[in-house]
């Protein structure tokens, strides 16, 4: 019987082979099967609804031409029938935009539809896709869709793969890399019941959709018996659900589970998780609300290879049972509250031989962990950064011969020395990050490391005073950071030749001297700030993202910045505090992505370049401390993203009234101090609702103070202010091994700094600049009264209106400025009494009311009486402590009479001083001139002086004799 069945199978196979041979033989060049005409027309209609946005590489929609649609890029047909079975526009190096045409319904044999990583303009997912009944694969992820997910997708009963969200393993996808655009989240229809009908589903990805109202998500997942991979990252999943659901119909096929970035709690997710965990290979619960100790049940996941629990609130130690997971390859528990490593020294545990990636950064681990990890012989990546490690570092760490990346950054190893022994067997090491550890790297002269590093990150380590010679042996370096390393040496002759193709170089905050090479420097990020480097700028710079040469001795013209290649990628340029001179070149129109431009404290002159107005992305501009002259270019108002503008200490002129209604609405910092601006303060300045620092001092501004200053929202209301005024921009993360499963890009920040007058002293502020809320209008020609509305700025910290011609009284409600620490109203014409509310300013540490016409009693209270009396000087009507003991002899005049008397007194002083000068001139020449030219008058005058002298002597002698007689009596 078995022989008969075997023979039948053989005959059947021969028959099939014979048919195939006949079909191949009968197919000639003229008989090649082409696509169905109706399907070809459907694809052309679909093409009409799209447009090509970007193309990199070969192939685009222009290939969709001709009779054979099966030859079109992204179209795949059945080789026998010619029907279109797959449409893939997500795999190619282009980006399309538009809408999805219903013409796709004519592709009745379509089984795979891939439109990911395109831009469908915020449209909804078409409901008609639910009618493509033969679909087994549907990918619309990262397609810029909005609106509800259509429940009609539940009709796709053959569907095995459904991706509507984003891939957490590829967050820096093609679209974001080109356009840096964030896609909005989809939101569901309130429940996921339609999903339970997709019983053939094996792979489901709804990441980055809004499922906050989908309380049935767990029940639905339990009804998908063949589900192997589930991704619901950043879905705002409800943290609480019925515990009875968590144990019902749990899938036993689930291998990969990604639920990061939700609000899941320990009590909600653990019961269900440990019920489906028998086959789990990958689990991501990072960025949730998990608390307490790590459950020992994790140790039962014997097939687990990838476990990510970072960015939670886990505490305690890592249990012994966890180290029995013999298949574990990647373990990430960073950013928790773990305090003990707990690795058993028994090397029979499988983890010791399997674990390749271990990240425990940003916890509370102590130095003992360094001795324990030395037993993990398979480790390739070890990240213990930003813990509480201190003390010595065991040389046993140098025995991890498979190590590719070693990260100990952000720990405190004060007075700890690293030697050659710590790296003895690290022959595969590619990345070394010891930043912010204060380690001393001390190697013997001529030491040749056993490794070739790509990333060397040693910021704040002690490498000097000589330039580290061992770096010369590293020929593959991609990123080098030896900033704050106590190096006081010249750049060696080999440096630029060897590292000119590096991507990232940071030598800042040393005492390195030398010059830059005249040939091209090809770097993505270059920071040479705070050194003693000199010479001109190189003629050619290929800097993709950031360039910082501040605080050096560079000189000459800066026109070579126009030669920077890839200008449209440069985001940060700082040439401040050097000796550059000449005019600023007019080539900024090409720097389309420039975020921060700092040319402060140089010798630059001439007008401000009008091309700065082309910088639509500019957030920070500092031209402080130069010799710029002329008027502000009107094009500057086009920089609508500008937050920080510092033009102080120049020779700029013109009227501030040119400020337009819509100018610079995002400004947080505006400093025009020490220029020659004139005219009135425009009321349009009151539109700056985010302003925190406004300095218009030392100019020629006239007119009155606008009454609308209470529109400064940041000063009038209590809002959350950043401690620093900074600007963030994304750059590629340098690191041979990224922090899986996330990585690729990191955010860097540029912190603004400014020179401000604070409590009478000029100081440089940077890290706390965002906490200062200041208005400084001093040393101008302002007139009129101080507006009462200024009392509404309740969060104001410093107010300086000194050295103007202000009149009237101090606002009675000035005590409402509860946060005020510095107030200067000196050298004005302010009259009246000091408001009693001024004594209620408990934070006031600096006050100056001198050289005004104030009168009356100084309000009592410990605040005002504690100041030096000089702050009230030259106010002749003031009395009371601390100026006089009391006010018993003073008479306070009525307000109107006092003001009239002050006006009369001012007029009297003018004529008095003029008459005194004239009288002196006439008297001097009338008397002294006569003595000079008339001899007889001179003789008479001196004889008169002799007689006066004799009379005084006789009178003195007589008076003295009388006194002596009285004493003797």
Discussion item. For the range 402-461 and the range 536-600, what is the centre-to-centre distance using only Cα atoms, to the nearest Å?
Written reply: 33 Å
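Beta carbons within 10 angstrom, averaged per residue: use that to sort the peptides 302-313, 807-818, highest first.
On the way: 302-313: 20.2, 807-818: 17.8.
So the peptides 302-313, 807-818, ranked by packing, come out 302-313, 807-818.
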Worksheet item: Given labels modelled 7 Å from the Cα in the Cβ direction, how far is it in nm from residue 424 to residue 63?
Response: 5.7 nm
Worksheet item: Stretch residue 472-residue 152 to full length: gain in nm at 0.36 nm per residue minus the Cα-Cα span?
Response: 108.8 nm
Worksheet item: Want the number for residue 339 to residue 655: 0.36 nm per residue separation, take away the alpha-carbon distance, what's left?
Response: 107.5 nm
Fill in: Mean Cβ count within 10 Å, highest first, over the residues of peptides 447-457, 520-530
520-530, 447-457
Worksheet item: Per 5 Å bin from zero, what fraction in whole % of the C-alpha pairs of the range 352-434 is there, up to the bin with the longest pair?
Response: 3, 16, 28, 30, 19, 4, 0
Worksheet item: Assuming R0 = 25 Å, what is the FRET efficiency of residue 327 and residue 226, from their Cβ-Cβ distance, to the nearest 0.05?
Response: 0.65
Discussion item. Given a Förster distance of 45 Å, report the FRET efficiency between residue 515 and residue 378 from their Cβ-Cβ distance, rounded to the nearest 0.05.
Written reply: 0.45
Practice prompt. Between residue 263 and residue 291, take the C-beta separation as r, use R0 = 22 Å, and let me know the FRET efficiency to the nearest 0.05.
Written response: 0.95
Response to the item:
So the compactness index of the range 416-490, its C-alpha Rg divided by 2.2 N^0.38 Å, takes the value 1.01
Fill in: Centre separation in Å (Cα based) which lies between the range 260-311 and the range 136-150
28 Å
Worksheet item: Using a simple spin-label model with points 7 Å from Cα along the Cα→Cβ vector, what separation in nm is obtained for residue 388 and residue 97?
Response: 5.3 nm
Discussion item. Cβ neighbours within 10 Å, averaged per peptide: list 684-693, 829-838 in order, most packed at the top.
Written reply: 684-693, 829-838
Worksheet item: Which three extents, in whole angstrom, do the alpha-carbon atoms of the range 584-710 cover along their principal axes, largest first?
Response: 40, 26, 21
Worksheet item: By how many nm would the segment from residue 412 to residue 76 grow when fully extended, if each residue of separation counts as 0.36 nm and the alpha-carbon distance is taken off?
Response: 115.1 nm
Discussion item. What is the distance in Å between the Cα centroid of the range 645-720 and that of the range 469-492?
Written reply: 45 Å
Item to complete: Normalise the Cα radius of gyration of the range 532-656 by 2.2 N^0.38 Å (N = residues in it) and let me know the number.
Response: 0.98
Item to complete: Sticking with the crude label model, points 7 Å out along Cα→Cβ, report the distance from residue 48 to residue 605 in nm, one decimal please.
Response: 6.7 nm
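No value in this document is a laboratory result; all are computed from the given coordinates. None of the values given here were measured: they were computed from a predicted structure. Please note: Cβ atoms are built from the backbone with ideal geometry, for glycine as well, and neighbour counts cover all protein chains shown.
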